[in-house]
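Down below is the structure, laid out as structure tokens.
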Amino acid sequence: MNFNRRAFLSTTAAVGATLAAPMIVRAQDGARPRVVVVGGGAGGATAARYIARDSEGAIDVTLIEPSRAYYTCFFSNLYLGGFREFDSLGHTYGNLASSYGVNVVHDWATGVDRDAKTVRLAGGGDVPYDRLVLSPGIDFKNGAVPGWSTAVQNRMPHAYKAGSQTQLLRAQIEAMPEGGTFAMVAPPNPYRCPPGPYERVSMVAHYLKENNPTARILIADPKETFSKQALFEDGWLRHYEGMIERVGPDFGGGNVEVDAEAMTLSIDGDVQNVDVCNVIPAMQAGGIVHAAALNEGDWAPVSAYDLSSRLDESVHILGDSAAQGDMPKSGFAANSQAKVAANAIVAAFTDSRQFPARFSNTCWSLIDTDDGIKVGANYEASDEGIVSTGGFVSEVGETDEVRAETYRESIGWYDAITEDMFG
Amino acid sequence: MTGKVIPSCKVAALVAGTLSLTPFSASADAENGERLFRACAACHQIGEGAINRIGPQLNGLVGRLIGTVDGYDYSDTLSEAGADGDVWSEAALSAFLEDPRGYLPGTSMVFRGIRDETDRTDLISYLIQEGGTSEAAAEAGPESGPSPEIAAILAVEGDVAYGEYLSSECTACHRGAGGEDIPSIAGLAPSVFIAGLSAYRTGEREHPVMNMVASRLGDEEIAALAAYFEAQTTE
Ligand SMILES: Cc1cc2nc3c(=O)[nH]c(=O)nc-3n(C[C@H](O)[C@H](O)[C@H](O)COP(=O)(O)OP(=O)(O)OC[C@H]3O[C@@H](n4cnc5c(N)ncnc54)[C@H](O)[C@@H]3O)c2cc1C
């Protein structure tokens, strides 16, 4: 067996100790096909629920996920802005187990033996599969931002995996001195949730406007342009005039270095003291994808028709980790892809029908109280990958009513999608 | 533009007997009513040429038997109220508009309600101004039934298994039961469901998300979804 897991283990060692749960893989009854899902987030939880539900018990579904509660990244910016309680972001797996019969194993997957078709657990033991689904989200690329690594994430949080990092960032913002500086190092493409950093800036600005109005926000950005840019910039001007400064690549926004000890950010050699430094580094597919050698470069190439790996047909890779084509890396997209993969997997093992793949995505962002915007598109499968077939985006100058309605819609979506994931 | 409230012609049995019959102010503000009607316009038409959409057309509403517009497929609740001879009095309308599901439990109208009494009075005044009362409507002739576009979809037999697959796109936003901020679509009557999607598809009803969703639904897909969602319960 070739478990190529060195690099992967080093990033997870810190949490490993508390998570080594005993392996509780159901006794094999031989007859039932086994689907193992790694990662209980937007893609994985949805896939596990749909496969278990639609196969009506004909498929044995095991979900491997280290955390007992999943905190959604989506709406975590709203928590930073004070629009949402932290607890409202947490969701547990009880229902997947009790209502759908999913076998939930709280452990890390540390490797995949694709010849033997088994997944290795950190807590010991191998879980056999007939089909494997990987939806592990993202990991950060080491050394992407000079001076930053996960070793300093408690001084300079990324808060780009939700949970204690998000709470830490909020606490740091609250502790900023009057007139202090909140800095963000924005990530290069492609990364999870294209509007995420800019929604975050909006939410931090909302908080500061109320609590620390002379504070300023500085964004160092390696990208020329970003998602919903005109809408965000219009909103920043209307709500937070003079507070937010974005340094793009032309002015060195891509040439940054941080010093977590000194709490400094250097942009193109110009060193500044900052009070909060939210570093969102470049990203790559979750470590288990690399451990399973299913990546090409940073991401995992997949077929658009059923999200199966282009390197191994018996593995499906969903969500942020997948290089699928045009869809953004979003929770909505991961959930959409999971349903297509689930339909294909259930059809492969039962007599139910497989229908043509179809995907969609809508991402809402909140700029300020009752000022919501959205962008969405339809997608379909092609041999080259998932392709967009048209969509919409909010416009500058919409009425207050429309913006408030858009925000309410996002709340409706949050309730629906979390129910769709966890039952 | 201030419309005078025409006194309701025949205030008949109220659906619920406990309501106090507050007389409607004669100086109701129909302009405010017009503004309030925008929320209804997503589902209802009123005035000349009004036809059934997600909700029935509202011409000649005051004085009309509840749940009796031709060609509209009401919930059992409304059909039964009409069969019992219950009529839309202004007071009944006011109570319904304050809390549709509280007043007529089981109604398929997804609407939060209008809390403010003056607003309700203004809106009813506008409804009368635009759509007249029931005798006036009777003269305008009966309603024409579903449009050819909707009739074509109604003629397709929905494939429930396909509908179930397609529904997985919808459940990212529409919850099985409830849903304050996005209406629930579980258990909707096919005629209502189809009229809704068809109006989004043609663009007659505007909503960026639903226009996008409906843009790639063919008649077969809409019929399949209608068949699937009809069978879903709202608990
Ligand atoms: C600030 C922010 C705001 C966002 N806002 C939105 C939004 O408004 N709308 C939207 O659609 N999306 C939003 N997103 C994006 C969204 O969160 C992600 O795209 C989505 O969660 C991706 O789903 P996934 O299944 O790929 O990964 P995740 O949801 O991250 O799930 C991965 C899971 O896998 C587990 N895991 C990882 N490795 C292993 C392993 N080796 N063994 C076992 N388990 C493992 C992790 O613990 C995790 O629970 C936002 C993201 C951020 C950071």
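The values are calculated or read from the model by the stated rules, or taken from the named source; none is laboratory data. Everything numeric in this text was worked out from a predicted model, so none of it was measured. In this analysis, Cβ positions are derived from the backbone assuming ideal geometry, glycine residues included, and neighbour counts consider all displayed protein chains. Heads up: the accessible areas ignore ligands, DNA and RNA and are worked out on the full protein's heavy atoms, side chains in. Shrake-Rupley method; radii C 1.70, N 1.55, O 1.52, S 1.80 Å.
When the Kirkwood hydrodynamic radius is evaluated over all pairs of different C-alpha atoms of segment A:146-279, what value in angstrom, to one decimal, is obtained?
On the way: mean 1/r = 0.0673 Å⁻¹.
About 14.9 Å, per the Kirkwood formula over Cα pairs.
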Problem set entry | C-alpha long axis of helix A:229-239 to longest principal axis of chain A, angle in ° | 50 degrees
For this session: Have a look at B:Gly67, B:Ala151, A:Gly331 and report the one farthest towards the positive end of the charge dipole of the protein assembly as shown, computed about the Cα centre with Cβ charges (Lys/Arg +1, Asp/Glu -1).
Result: A:Gly331
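Give me the dipole magnitude in Debye, nearest 20, for the protein assembly as shown about the Cα centre, with unit charges on the beta carbon: positive for Lys and Arg, negative for Asp and Glu.
Values: 47 positive and 88 negative charges, 401 e Å.
For the protein assembly as shown, the charge dipole is close to 1920 debye.
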Problem set entry | Mean-position separation - Cα centroids, segment B:61-99 and segment A:28-94, in angstrom | 44 Å
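Suppose we look only past 13 Å in the calculated P(r) of segment A:166-224. What percent of the Cα-Cα pairs does that tail hold? Before the final figure, lay out the partial values.
Values: 1062 of 1711 pairs.
Result: 62 percent of Cα pairs exceed 13 Å.
Ignoring ligands, DNA and RNA, what percent of the 1.4 Å accessible area of chain A is carbon and sulfur? Intermediate values should be presented prior to the final figure.
On the way: 7530 of 16080 Å².
Exposed carbon and sulfur together represent 47 percent of the surface.
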For this session: Let me see the pair-distance distribution of segment A:357-423: every alpha carbon pair, 10 Å bin width, integer percents in order.
Result: 19, 39, 31, 10, 0
For this session: Counting other Cβ atoms within 10 Å, keep those with at most 15, restrict to DSSP loop, and tell me which trypsin sites (Lys or Arg not before Pro) in segment A:215-314 are left.
Result: A:Arg310
Seminar exercise, completed: Residue by residue through segment A:242-253, the couplings from Karplus 6.51 cos²θ - 1.76 cosθ + 1.60 with θ = phi - 60°, in Hz, x for Gly and Pro, are x, 8, 10, 10, 10, 9, x, x, 5, 10, x, x
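With the alpha-carbon atoms as the only input, what is the per residue convex hull volume for segment B:148-230 in Å³?
So the per-residue Cα hull volume is 82 Å³.
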Exercise. What GluC sites (Glu not before Pro) in segment B:21-101 are in a loop by DSSP, with at most 12 other Cβ atoms within 10 Å of the Cβ?
Worked result: B:Glu48
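Which whole number of Å³ per residue matches the convex hull of the alpha-carbon atoms in the protein assembly as shown?
On the way: hull volume 113.4 nm³, N = 658.
Convex hull volume per residue, Cα atoms: 172 Å³.
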Exercise. Peptide A:409-419: average number of partner chain Cβ atoms within 10 Å per residue?
Worked result: 6
Problem set entry | Among A:His239, A:Ile138, A:Pro197 the positive-end extreme of the charge dipole of the protein assembly as shown (Cβ point charges) | A:Ile138
Seminar exercise, completed: Between the alpha carbon centres of segment A:127-194 and segment A:376-423 the gap in Å comes to 24 Å
Problem set entry | Under Karplus coefficients 6.51, -1.76 and 1.60, residue-wise ³J(HN,Hα) of segment B:69-81 in Hz, glycine/proline x | 5, 4, x, 10, 9, 7, 5, 4, 3, 6, 4, 5, 4
For this session: Just name one of A:Tyr93, A:Asn103, A:Gly125: the one whose Cα is farthest towards the positive end of the charge dipole of segment A:68-173 (beta-carbon charges, Lys/Arg +1, Asp/Glu -1).
Result: A:Tyr93
For this session: With the cut-off at 17 Å, report for segment A:213-253 the share of all Cα pairs above it, as a whole percent.
Result: 33 percent
For this session: Would you mind working out the magnitude of the charge dipole of segment A:206-337 relative to its Cα centre, with +1 at each Lys and Arg C-beta and -1 at each Asp and Glu C-beta, to the nearest 20 Debye?
Result: 380 debye
For this session: Quote the total accessible area buried by chains A and B together, excluding ligands, DNA and RNA, probe 1.4 Å, nearest 100 Å².
Result: 2400 Å²
Exercise. Residue by residue, what Karplus-based ³J(HN,Hα) values in Hz, rounded to whole numbers, does segment A:297-307 have, using 6.51, -1.76 and 1.60 with θ = phi - 60° and x for Gly and Pro?
Worked result: x, 7, 10, 9, x, 9, 6, 6, 7, 8, 6
Exercise. Which far-off residues, 5 or more places away or on another chain, put their amide H under 5 Å from the one on B:Gly60, with H placed in the peptide plane?
Worked result: B:Gly131, B:Gly132
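In Å², and per residue, what accessible area does the protein assembly as shown have when probed at 1.4 Å with the other protein chains present? Show your work: numbers first, answer last.
Working: 26910 Å² over 658 residues.
Heavy-atom accessible area per residue stands at 41 Å².
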For this session: Ignoring everything but the protein chains, give the 1.4 Å probe accessible area of A:Thr350 in square angstrom, nearest 10.
Result: 40 Å²
Exercise. Taking the Cα centre of segment A:146-279 as the origin, how large is its charge dipole in debye, to the nearest 20, when only Lys and Arg (+1) and Asp and Glu (-1) carry charge on their Cβ atoms?
Worked result: 540 debye
